[in-house]
């Protein structure tokens, strides 16, 4: 199934929480350098999908491969160590730690102590270094989360609802950041904000009730209207 | 009118008792904070520390070497239990760890009985000097105990605030899944925390040994106090643990000055009052769900 | 038919205990009955409401001392003493319950243990001139004989204990079938959802707390009558884990778990501690083993197999009946 251009191959993936199944037989491929969007309503299984890839949930069947290596059974920290970073949705920075300490942890985990890319993407963080992350605004937290994740130059980033609840100006800024990022890494973005996804994604998967309903392959097909049809 | 000298020596007594309680409860509190488990087996390491202080003291006649041995064995025992038992149950509900660790505590008491028998053992006080402060004779050993606890507190704060492992542990106390998501091996953090907790509990037991008799049930006897201290302070808070240990130490000490039977009950009454006012203790975070 | 089936398990279980009585010494049989009544409250709290209490001895002592004070200072009728024990259990649970059931489950466990210690010190030291401290209150000879079932005779006491046990089990079985029983499970599994459905989880927990602890107090009062003396030892912190251990041993949340657990625990204590002399070692590692092996306990493991065996036997004889099951 997988070919040389694929960085991530998910096939036949099913996930269950106890007795209730959340994902059914998901097939998904991500090519190196792509930006893949993932849309769906609340409860469609988008977060479950990302969490299973990142190693936080144990699939009941199916396979997940990254660069030809199976990720099944690996602990989440090992998967992150392979350059596959998950940015969770609830904007939970370590609120008791300062911004600097948050970044230090990112550096420690990925052994990348060069913060210049982070600062160039998010100049604002520079002035907030000694502030406790708990006192940051939602937008600033998201900047910190993404900034922390790009340390170590991940080859694939899984971003979960990055713009949820953020001000429009910050959403615009994030859109530019994702555009920039996509030049150097592969991105999988889960979003409810269809115009944003369609502006940056090369391909879009539409999820509903734990199944992939459609895959919009062509750049021309990726429009909010076409996504809407599958939701 | 209470005798001022008596009151002063009671306060010192209370601080030394509080110091031992602090060393004992810090492990319980740290393990809860980072791993969300209630590790009652810490009270076993407390007994282990005391027994090694006794045995090494008998063998080579050096109390402090016994303390060091006890801490080493306590830390190793903590690591072994973590690897063998807790590693399998981190995912489970908190009551699960409580019951399992209680089993370890009881089983460990059985092991201690196997090696040392049931007869209580006395440990000689290593420093018998008394100093006179404000016309009151104070045992130097008690002051040393207080100083050691103070050093440990400062050491833990420095470790948590200045080292990267410490920062990772602080971050993990907030959200351990998130720390793992960054690519940090949290299981190593867990082991480090367990070794620390076990060694500190053993230190508490070793330092307490000369002040009481060493017997197999000693862990169970302080169990209720350790519980109470982490409840009053708030599970998972280091500052809260310090404040409530010293508070409980003073309540026990000054309470016994007023009316002896009250001394053992007053802390529990204090705990009930504090829980009425704050259901998660003085410094406990109300946000922690589970 | 349905009614018969409802009662059949209970009748079978207690019939077996009555048969067991013929093979074991009387004190052992009495101990089992009281112990299992003591444990069912803990089992209910842990298995049905998800609250673990390391402080059950506190409520045992409440029942025991309520009965003991009556026997020592006021009267002689054992039945009155037992009723007083129950009343004291209800009273104490209603006083401490509203505070305790608000707490998170971890704090709940710790705070109950603390209560057990308070009561221990209260009885041992603070009220020593009433309770005679560690010496305890002795009243075995002052209990009066009663008509029909004379509780001062151990063999008639066993019949009484068997009947009480039967009633208690029928009550808990009935609870499981009611909407209230379902609500209890709801607070254990997903408290928020239960609240959204419009149930008050605080009141559900409080009622469960009162029911469980009153049962425990009943066991305490029965101990008082049976042993004829009560001392603070009954609530010593070292024994705090007994009901939890028996609950786990028998099988958490199973109806007959406490009964099976009490038999196994008392039996092991009797046989193994005599043979090996190191009771803690055995019980401690057994507890860890059961928890790691899936925490289902003895009855929790046996029950599905027995049910499977039973229904397969039944199906072979009459297929129509088998389908109905």
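The values are calculated or read from the model by the stated rules, or taken from the named source; none is laboratory data. Source: prediction; values computed, not measured. Cβ sites come from the backbone with ideal geometry, for glycine too, and all protein chains shown count toward neighbours.
Figures for the structure shown
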| read-out | value |
| --- | --- |
| Helices (runs of 4 or more DSSP H) enclosed by segment B:93-207 - at least 1 residues per element that are touching a residue at least 60 places away in the same chain (Cβ under 8 Å), under 30 Å from residue C:246 (Cα atoms) and touching a helix residue (DSSP H, G or I) at 6+ places or on another chain (Cβ under 9 Å) | B:94-116 |
| Criterion violated by residue B:121 - all others in (1) touching a strand residue (DSSP E or B) at 6+ places or on another chain (Cβ under 6 Å); (2) within 11 Å of another protein chain (Cβ to nearest Cβ) satisfied | (2) |
| Residue pairs meeting the criteria (Cβ under 7 Å; at least 6 apart or on separate chains; first farther than 10 Å from residue C:225 by Cα, in segment C:147-160; second outside any helix (DSSP H, G or I)) | C:156/C:149; C:156/C:150; C:159/C:149; C:160/C:149; C:160/C:151 |
| Residue check, residue B:192 surrounded by 15 or more Cβ atoms within 10 Å (Cβ to Cβ) and at pLDDT 90 or above | yes |
| Segment A:108-122 - residue that is part of a loop (DSSP other than H, G, I, E, B) and surrounded by fewer than 15 Cβ atoms within 10 Å (Cβ to Cβ) and, of those, farthest from the other protein chains (Cβ to nearest Cβ) | A:114 |
| Residue count, segment C:91-101 (criterion: part of a helix (DSSP H, G or I) and buried (at least 16 other Cβ atoms within 10 Å of the Cβ)) | 5 |
| Residue match in segment C:215-228 (condition: buried (at least 23 other Cβ atoms within 10 Å of the Cβ), in contact with a strand residue (DSSP E or B) (Cβ under 7 Å, 6 or more places away or on another chain) and either at pLDDT 85 or above or within 30 Å of residue C:285 (Cβ to Cβ) (or both)) | yes |
| Test result for residue A:105, without any contact (Cβ under 8 Å) to a residue 60 or more places away in the chain and more than 9 Å from chain B (Cβ to nearest Cβ) | no |
| One residue from C:205, C:195 being assigned to a helix (DSSP H, G or I), without any contact (Cβ under 8 Å) to a residue 12 or more places away in the chain, out of contact with any strand residue (DSSP E or B) (no Cβ under 7 Å at 6 or more places or on another chain) and away from chain B (no Cβ under 11 Å) | C:195 |
| 3 or more residues modelled with pLDDT of 85 or more and either touching a strand residue (DSSP E or B) at 6+ places or on another chain (Cβ under 8 Å) or buried (at least 17 other Cβ atoms within 10 Å of the Cβ) (or both): qualifying strands (runs of 3 or more DSSP E) within segment A:175-231 | A:186-190, A:203-208 |
| Pick from segment B:267-279, criterion in contact (Cβ under 8 Å) with a residue 24 or more places away in the chain and within 7 Å of chain C (Cβ to nearest Cβ), ranking: surrounded by the fewest Cβ atoms within 10 Å (Cβ to Cβ) | B:275 |
| Residue among C:266, C:247, C:235, C:215 that is away from chain B (no Cβ under 14 Å) and farther than 20 Å from residue C:24 by Cβ | C:215 |
| Matching residues in segment B:230-246 - criterion: being within 12 Å of the chain's Cα centre (by Cα) and facing chain C (nearest Cβ under 10 Å) | B:230 |
| Condition broken by residue B:37, with the remaining ones in (1) in contact with a helix residue (DSSP H, G or I) (Cβ under 8 Å, 6 or more places away or on another chain); (2) more than 14 Å from chain C (Cβ to nearest Cβ) satisfied | (2) |
| Meets criteria (outside any loop (DSSP other than H, G, I, E, B), in contact with a strand residue (DSSP E or B) (Cβ under 7 Å, 6 or more places away or on another chain) and under 19 Å from residue A:7 (Cβ atoms)) for residue A:149 | yes |
| Residue identified as assigned to a loop (DSSP other than H, G, I, E, B) and either touching a helix residue (DSSP H, G or I) at 6+ places or on another chain (Cβ under 6 Å) or free of Cβ contacts under 8 Å to residues at least 60 places away in the same chain (or both) among C:300, C:284, C:294, C:261 | C:294 |
| Residue check, residue B:179 within 26 Å of residue A:86 (Cα to Cα) and either within 12 Å of chain A (Cβ to nearest Cβ) or surrounded by fewer than 18 Cβ atoms within 10 Å (Cβ to Cβ) (or both) | yes |
| Residue in segment A:76-83 that is touching a residue at least 60 places away in the same chain (Cβ under 8 Å) and either part of a strand (DSSP E or B) or at positive phi (or both) present | yes |
| Residue C:117 being within 11 Å of chain B (Cβ to nearest Cβ), in contact (Cβ under 8 Å) with a residue 40 or more places away in the chain and within 28 Å of residue B:99 (Cβ to Cβ) | yes |
| Per-region count, segment C:303-325, residues at pLDDT 75 or above and in a loop (DSSP other than H, G, I, E, B) | 0 |
| Odd one out for residue C:117, checked against (1) buried (at least 20 other Cβ atoms within 10 Å of the Cβ); (2) in contact with a helix residue (DSSP H, G or I) (Cβ under 8 Å, 6 or more places away or on another chain); (3) closer than 30 Å to residue C:234 by Cα; (4) modelled with pLDDT of 80 or more | (4) |
| Qualifying residue in segment C:157-176 (condition: more than 14 Å from chain B (Cβ to nearest Cβ), surrounded by fewer than 18 Cβ atoms within 10 Å (Cβ to Cβ), over 22 Å from residue C:216 (Cα atoms) and out of contact with any strand residue (DSSP E or B) (no Cβ under 7 Å at 6 or more places or on another chain)) | no |
| From the options A:12, A:73, residue that is more than 19 Å from residue A:157 (Cβ to Cβ), in a loop (DSSP other than H, G, I, E, B) and out of contact with any helix residue (DSSP H, G or I) (no Cβ under 8 Å at 6 or more places or on another chain) | A:73 |
| Hits in segment B:47-72 (condition: assigned to a helix (DSSP H, G or I) and surrounded by fewer than 19 Cβ atoms within 10 Å (Cβ to Cβ)) | B:55, B:58, B:59, B:60, B:64, B:65, B:68, B:72 |
| Out of A:125, A:103, A:84, sole residue that is within 20 Å of residue B:174 (Cα to Cα) and surrounded by 15 or more Cβ atoms within 10 Å (Cβ to Cβ) | A:103 |
